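Report on one structure; see the data block that follows.
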């Protein structure tokens, strides 16, 4: 940025492409937001409990509860921090590092995809996104997989042989972190085909398999067939579902797009940006634009039609690419208005009024997102917190040989560090299991999950309530209860 003194005014020549501090600005903003919300969550979600119980298993050798279709590279990453200090607070320090690295590589990869201005604006929208900040304080795989995806993209566009190998490796690690990261592969293939790349440029394809080594090793170590975890994920994800809080039809993500993007204004500029992108298909950026649009389309089709479970957070991996399109809309409109002001109104304060307009328009998107961010984080901060209290009580008052019967294995396993089993289908089977296993003396019921009806009518001569944890949001409702089996 240069400021030149004229006769009766100052002329500011602002060139964003020459600013070297842009990544630092984005990382500092990310860090400050993450520190602000660092201790917001009192409870962790089901998926988080699975990953953290596996971290405990790796670090302490304690039992774990992990769905057989989970990609396991993320808890492997967290265990690096866990071996230093396994407390949840310290693991969150590791999470902050992952969050900041994700923003850095998002910026540099989008910069290579298109240009500095669009990369900075799109990454700024991501940093200020309610969804990114909401997920940044949770131990979920969306952001870690995005990190590997963006590192892969960065090396992909460097386009030399060594970089292409690294691109494939990091894409493989992204898939080993969250299997749906593979949905970017069609974009890679189409880009290389359209760019008429030589056969050696496709070396990233076999390199992807290197990233699968953790999955392969895990399957073999626990006695499964190679890639059985991946196969299980694919099959079960596509199975028809009649249960769950977030079932929806194929229009779910389109209907909820204003919420996902943070505001209606974002959706308006997404439409404008899409028209702008399509108008540039025959320019030097055509293959890069096709790459972006292909990934968004493939991802949306997959999540809209191939799985019935719908959650807003599933859209996080394509959010940077959507924000690139939104940024195109912002830049095209601000440039048009800026040129009009500069030429027609003869504004002398700035050499180009485009950046004033761009700042105002971006603020119209960012400010509502901040409000939604705080509301969403605060509203979900105590979800499942009651299971923490129940699990910690069990840990403090039982020995490690105890097996806890529960309908919430991940939370109870993680917090109690005890092995768990599920509830039988009826009371008769329950009594048989308890009589046959002297290490099962406690039942922990989570009222966040489906509760077998017979558990509500257990007799006082065989069972006694040890602990009853009330919902944080409603002290008149029970969230969890631990019941002791009274052996005769």
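Looking only at the stretch 195-230, residues that are part of a helix (DSSP H, G or I) and more than 25 Å from the chain's Cα centre (by Cα) come to 8 in all.
Taken as a whole, the stretch 233-254 holds no residue that is within 30 Å of residue 311 (Cα to Cα), surrounded by 17 or more Cβ atoms within 10 Å (Cβ to Cβ) and more than 19 Å from the chain's Cα centre (by Cα). If the condition is being within 18 Å of the chain's Cα centre (by Cα) and either surrounded by 18 or more Cβ atoms within 10 Å (Cβ to Cβ) or assigned to a loop (DSSP other than H, G, I, E, B) (or both), then the stretch 373-382 contributes 373, 377, 381.
Considering only residues that are touching a helix residue (DSSP H, G or I) at 6+ places or on another chain (Cβ under 6 Å) and closer than 21 Å to residue 397 by Cβ, look in the stretch 425-444 and name the one that is surrounded by the fewest Cβ atoms within 10 Å (Cβ to Cβ). Once the filter is applied, the top-ranked residue is 440.
Residues are listed down the side, and each one gets a yes or a no for (1) without any contact (Cβ under 8 Å) to a residue 40 or more places away in the chain; (2) touching a strand residue (DSSP E or B) at 6+ places or on another chain (Cβ under 8 Å); (3) part of a helix (DSSP H, G or I):
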site: 295; (1), (2), (3): no, no, yes
site: 298; (1), (2), (3): no, no, yes
site: 301; (1), (2), (3): yes, no, yes
site: 304; (1), (2), (3): no, no, yes
site: 307; (1), (2), (3): no, no, no
site: 313; (1), (2), (3): no, no, yes
site: 316; (1), (2), (3): no, no, yes
site: 322; (1), (2), (3): no, no, yes
site: 329; (1), (2), (3): no, no, yes
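Only one entry in 198, 162 is out of contact with any helix residue (DSSP H, G or I) (no Cβ under 7 Å at 6 or more places or on another chain), within 30 Å of residue 111 (Cβ to Cβ) and at pLDDT 90 or above, namely 162.
Taking the stretch 449-469 as the region of interest, how many residues are under 26 Å from residue 399 (Cα atoms) and surrounded by 15 or more Cβ atoms within 10 Å (Cβ to Cβ)? So the answer is 7. Within the stretch 383-417, the residues that satisfy the criterion of being under 33 Å from the mean Cα position of the chain (by Cα), in a loop (DSSP other than H, G, I, E, B) and closer than 25 Å to residue 459 by Cβ are 407, 408. Which of the residues belonging to the stretch 418-439 are assigned to a loop (DSSP other than H, G, I, E, B) and over 17 Å from residue 57 (Cβ atoms)? Within the stretch 418-439, 422, 423, 424, 425, 426, 437, 438, 439 qualify.
The values are calculated or read from the model by the stated rules, or taken from the named source; none is laboratory data. Predicted, not measured: the structure shown is a model, and the values here were computed from it. As a convention, Cβ positions derive from the backbone with ideal geometry for all residues, glycine included, and neighbour counts pool all protein chains shown.
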